[in-house]
1. Quick check on this structure: which one of C32, C75 is within 16 Å of the ligand (Cβ to nearest atom) and free of Cβ contacts under 8 Å to residues at least 40 places away in the same chain?
2. Being open to solvent by less than 30 Å² (accessible area, probe 1.4 Å) and outside any loop (DSSP other than H, G, I, E, B) narrows it down to one residue among A15, A9; which is it?
3. Any idea which residue in the stretch 63-72 is nearest to the ligand (Cβ to nearest atom), counting only those that are in a loop (DSSP other than H, G, I, E, B) and farther than 16 Å from M1 by Cα?
4. Could you please tell me which pairs satisfy a Cβ distance under 7 Å, a separation of 6+ or placement on different chains, a first residue in the stretch 42-62 that is farther than 17 Å from A15 by Cα and in a helix (DSSP H, G or I), and a second residue that is away from the ligand (no atom under 14 Å from the Cβ) and not hydroxyl-bearing (S, T, Y)?
5. Return the residues of the stretch 23-81 that are among the hydroxyl-bearing types (S, T, Y) and either under 16 Å from the mean Cα position of the chain (by Cα) or on the phi > 0 side of the Ramachandran plot (or both); say none if nothing qualifies.
6. Looking for something closer than 30 Å to E77 by Cβ, part of a helix (DSSP H, G or I) and either open to solvent by less than 50 Å² (accessible area, probe 1.4 Å) or modelled with pLDDT under 95 (or both) - is there at least one such residue anywhere in the stretch 23-35?
Amino acid sequence: MKLSTARTAVYACMAAVVVTGLITALVQTPICFILLILALTAELVFFFGWIRCPHCGRHLDRTGMNSEITHCPFCGEPIDP
Ligand SMILES: [Zn+2]
């Protein structure tokens, strides 16, 4: 998966977490709580699983979420846009 695709997936899951979180706070049903947990898990999986340098494989953390990043801060290799 490209870094830009992974970034979009993380942001989409983040939005899903916010939306399901608000809905869960309002209606407080178990199904909404389960959906919230699923969205949160998906976000963490995408963040820790795919926000990585394609060359050295290190996790890029919050710098990887920045679309301005062009090179890996660890190995210096260029990162695909
Ligand atoms: Zn690297």
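The values are calculated or read from the model by the stated rules, or taken from the named source; none is laboratory data. Keep in mind it's a predicted model, so treat the numbers as computed, not measured. When we count neighbours, we look across all protein chains shown, and the Cβ atoms used for this are built from the backbone with ideal geometry, even at glycine. Just so you know, the surface numbers come from the protein's heavy atoms only, side chains and all, with ligands and any DNA or RNA stripped out. Shrake-Rupley method; radii C 1.70, N 1.55, O 1.52, S 1.80 Å.
1. Of C32, C75, the one residue that is within 16 Å of the ligand (Cβ to nearest atom) and free of Cβ contacts under 8 Å to residues at least 40 places away in the same chain is C75.
2. Working: A15 fails: open to solvent by less than 30 Å² (accessible area, probe 1.4 Å).
Going through A15, A9 in turn, the sole match is A9.
3. Filtering the stretch 63-72 down to residues in a loop (DSSP other than H, G, I, E, B) leaves 66-70, 72.
With farther than 16 Å from M1 by Cα added as a condition, the list becomes 66, 68-70, 72.
Values: N66: 15, E68: 16, I69: 11, T70: 12, C72: 3 Å.
Of everything passing the filter in the stretch 63-72, C72 is nearest to the ligand (Cβ to nearest atom).
4. Correct list of pairs: W50/M1; W50/A6.
5. Within the stretch 23-81, the first condition is being among the hydroxyl-bearing types (S, T, Y), and the residues that meet it are 24, 29, 41, 63, 67, 70.
T41, T63, S67 - these are the residues of the stretch 23-81 that are among the hydroxyl-bearing types (S, T, Y) and either under 16 Å from the mean Cα position of the chain (by Cα) or on the phi > 0 side of the Ramachandran plot (or both).
6. From the stretch 23-35, those closer than 30 Å to E77 by Cβ are none; that's our starting set.
No, that holds for no residue.
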